[in-house]
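*Asks:* Got a structure for you, written out below as structure tokens; questions coming shortly.
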Amino acid sequence: MDNKKFSFLKEEIDKLKQEGLYSTIRTLDGPQGTWVKINGREMLNLVANNYLGFCTNEEVKLKAKEAIDRFGVGAGAVRPIAGNLSIHEELEKKLAEFKDAEAVILLQSGILANIAVIPLVVGEQDIVLSDELNHASIIDGCKLSRAQIVRFKHLDMGDLKNKLEDYKSFPGRKLIATDGVFSMDGDIAPLPDIVELADKYNAMTMVDDAHGEGVLGENGRGILNYYHLEGRVDIDVGTLSKAFGVIGGYVAGSSVLIEYMKQRARPFLFSTPLSPADTRALIAVVDILSRNDALVKKLWYNANYIKDRFNKLGFNIGHSKTPITPVIIGDEKVTKEFSSRLAGESVFVQGIVFPMVTKGTARIRVMVSAVHSEKDLDFGIGKFGKIGKELRVIK
Ligand SMILES: Cc1ncc(COP(=O)(O)O)c(C=O)c1O
């Protein structure tokens, strides 16, 4: 292989290593459970977005296996060519009911859902007002749309209002796009205020509920249920890979939006849909959540438990309003040292540094799930306390 052609990439890789930005990806020998096996060692898992433990839920696994027997392992081709599997339609219907939306379209991931929908509602002549901390996939969707991106300060409704005022007589369409729950801090977008401003300034609204799905609202129905805003936000994007524990994404909204997406959304037209096992597993997840909120309640119990203990130990855990628990250390090097010492003590976490968060706010993002036991959490809290004192992060 002629590697000289890619010497520019080798230089970039070396640069990432020098700047401490090169990530080494660990290999798990087994499922994403509360404990994972890495290099032959059992480690407490405090890193996954598997909020409700559905990655390994027995009922969900069983339904996925049954779907393989009934439908095989692949969907065959894109839906407009090979047709919908009945379970794709069933999942869309169940999600629409669960979210109290007119209709839903399934995509293959959350990132593809954002990339699918944004370029269909705005184009070159239009603007997107985007929270400055929005997820990369919203930004990519905006770039693909070629609309002008106007960033507003994080959660700052005064700034959003000023920007809307600046563009008051703008002739094109306006879309206000925001994450629902921001993944690095666990704070929540003030959607009622955003909807009010959108109504006043005649803008469309879009929320990416990736970290609110299965977490916020009654039975984990998400951010619109949490704020009682069903039917008031034009585009509700979700992922099926975090609390739902499988893979996939979707857009929920009006029938006309979803009908148009099925004609023109590029990831729908040009990419094969979810496999039968994934799809059937997700139907099982929606069924479980619809009939029982025990897992959602347990998730919040566990999140409050660990936050309370971290607070008592003296850690700075920011202002999260959701189960996402950032242990903010500040210094990049200390954060890396902290996470590697935790790994040495059998706790699997990830230090998060610039550019994922602003410089000087490096952190370890702790993700508990509904299926962690108190004993698991106490184990992790004990190790955080011990290393925190050794590294003088706490007294
Ligand atoms: C806010 C947000 N949107 C979208 C995604 C992408 O979701 P998926 O993993 O399903 O592509 C993520 C995942 O990190 C996310 O945090």
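*Asks:* Taking the Cα-to-Cβ direction at R291 and at E97 and moving 7 Å from each Cα, how far apart do the two end points lie in nm?
*Replies:* Spacing of the two 7 Å Cα→Cβ label points: 1.2 nm.
*Asks:* Relative contact order, percent, of region 72-291 when contacts are C-alpha pairs under 8 Å separated by at least 6 residues? Walk me through the numbers on the way to the answer.
*Replies:* Working: 436 pairs, mean separation 66.2, N = 220.
Across region 72-291, relative contact order equals 30 percent.
*Asks:* Would you please give the FRET efficiency between K312 and W35, computed as 1/(1 + (r/R0)^6) with r the Cβ-Cβ distance and R0 = 30 Å, to the nearest 0.05?
*Replies:* Between K312 and W35 the formula returns 0.75.
*Asks:* Between rounded, prolate and oblate, where does region 241-293 land on the alpha carbon gyration tensor, with a ≥ b ≥ c its root eigenvalues, rounded for a/c under 1.5, else prolate if a/b exceeds b/c?
*Replies:* Oblate, since a/c reaches 1.5 and b/c is not below a/b.
*Asks:* Also: Starting from the Cα-Cα distance between R264 and D159, subtract it from 0.36 nm times their residue separation and give me the gain in nm to one decimal.
*Replies:* Numbers: separation 105, 0.36 × 105 = 37.80 nm, distance 3.37 nm.
So the extension gain works out to 34.4 nm.
*Asks:* Run the simple label-point estimate for D193 and Y301 please: 7 Å along Cα→C-beta, distance reported in nm.
*Replies:* Those two pseudo-labels are separated by 3.4 nm.
*Asks:* For a Förster distance of 51 Å, can you work out the FRET efficiency between the beta-carbons of T27 and S254, rounded to the nearest 0.05? Walk me through the numbers on the way to the answer.
*Replies:* Details: r = 44 Å, r/R0 = 0.85.
After rounding, the FRET efficiency stands at 0.70.
*Asks:* log₁₀ I(q)/I(0) of region 318-395 at q = 0.16, 0.22 Å⁻¹, via Debye over equal Cα point scatterers, no solvent, to two decimals?
*Replies:* -0.58, -1.07
*Asks:* Would you calculate the separation in nanometres between label points at D69 and A82, each defined as 7 Å from the Cα along the Cα-to-beta-carbon direction?
*Replies:* Modelled inter-label distance: 2.2 nm.
*Asks:* In deg cm²/dmol, rounded to 500, what helix-only [θ] at 222 nm does the chain give when every DSSP H run of at least 4 residues adds -39500 (n - 2.57) and the total is split over its residues? Could you put the intermediate results ahead of the total?
*Replies:* Working: 15 runs with 171 residues, N = 395.
Value at 222 nm, helices only, nearest 500: -13000 deg cm²/dmol.
*Asks:* Could I ask something else about it? Diagonalise the Cα gyration tensor of region 72-291 and give the resulting equivalent ellipsoid semi-axes, square root of 5 times each eigenvalue, largest first, whole Å.
*Replies:* On the way: eigenvalues 164, 76, 38 Å².
They are 29, 19, 14 Å, listed from largest to smallest.
*Asks:* Let me ask something additional. Using Cα-Cα distances under 8 Å and only pairs 6 or more residues apart, what relative contact order does the chain have, in percent? Provide the component values of the computation, followed by the final result.
*Replies:* Details: 757 pairs, mean separation 84.7, N = 395.
Once divided by the residue count of the chain, the mean separation gives 21 percent.
*Asks:* Rounded, prolate or oblate for region 169-213? Axes are the square roots of the Cα gyration tensor eigenvalues, ordered a ≥ b ≥ c, and the cut-off for rounded is a/c under 1.5.
*Replies:* prolate
*Asks:* Between E59 and S373, what is 0.36 nm times their sequence separation minus the Cα-Cα distance? Round to one decimal in nm.
*Replies:* Going from the current span to full extension adds 111.1 nm.
*Asks:* Leaving out ligands, DNA and RNA, what percent of the accessible area of the chain is carbon and sulfur, probe 1.4 Å?
*Replies:* Answer for the chain is 51 percent, counting heavy atoms of protein chains only.
*Asks:* Additional query: Give the value in nm², to one decimal: projected area of the alpha carbon convex hull of the chain, averaged over all directions.
*Replies:* Mean shadow area of the hull around the Cα atoms is 21.5 nm².
*Asks:* As an exercise, use a Förster radius of 41 Å and the Cβ-Cβ distance of I394 and D140 to find the FRET efficiency, rounded to the nearest 0.05.
*Replies:* E(calc), rounded to 0.05, equals 0.60.
*Asks:* Going by average Cβ density within 10 Å per residue, which order do the peptides 33-40, 54-61 take, highest to lowest?
*Replies:* Listed from highest to lowest mean packing, they are 54-61, 33-40.
*Asks:* For region 149-182 and region 288-362, what is the separation of their C-alpha centers, rounded to whole Å?
*Replies:* Spelled out, the Cα-based centre of one part sits 30 Å from the other.
*Asks:* With every protein chain present, what is the per residue accessible area of the chain (1.4 Å probe, Å²)?
*Replies:* Per residue, the chain has an accessible area of 48 Å².
*Asks:* Mind running the shape call on region 27-103? Use the C-alpha gyration tensor, a ≥ b ≥ c as the square roots of the eigenvalues: rounded below 1.5 for a/c, prolate if a/b tops b/c, oblate otherwise. Write out the running numbers ahead of the final one.
*Replies:* Details: a/c = 2.68, a/b = 1.77, b/c = 1.52.
It comes out prolate by the Cα gyration axes.
*Asks:* Sticking with this structure for a sec: What residue among A48, V117, S241 has its Cα farthest toward the positive end of the dipole of the chain, where the charges are +1 on Lys, Arg and -1 on Asp, Glu, each on the Cβ?
*Replies:* In the chain, that residue is A48.
*Asks:* In µm²/s, what is D for region 99-205 at 10 °C and 1.306 mPa s, where D = kT/(6 pi eta Rh) by Stokes-Einstein and Rh is the Kirkwood radius from Cα pairs?
*Replies:* Approximately 112 µm²/s, per Stokes-Einstein.
The values are calculated or read from the model by the stated rules, or taken from the named source; none is laboratory data. Worth saying up front: this structure is predicted, and the values here are computed from it rather than measured. Glycine also receives a Cβ, built like all others from the backbone with ideal geometry; neighbour counts cover every protein chain displayed. Keep in mind that these areas ignore ligands, DNA and RNA; they rest on the heavy atoms of the full protein, side chains included. Shrake-Rupley method; radii C 1.70, N 1.55, O 1.52, S 1.80 Å.
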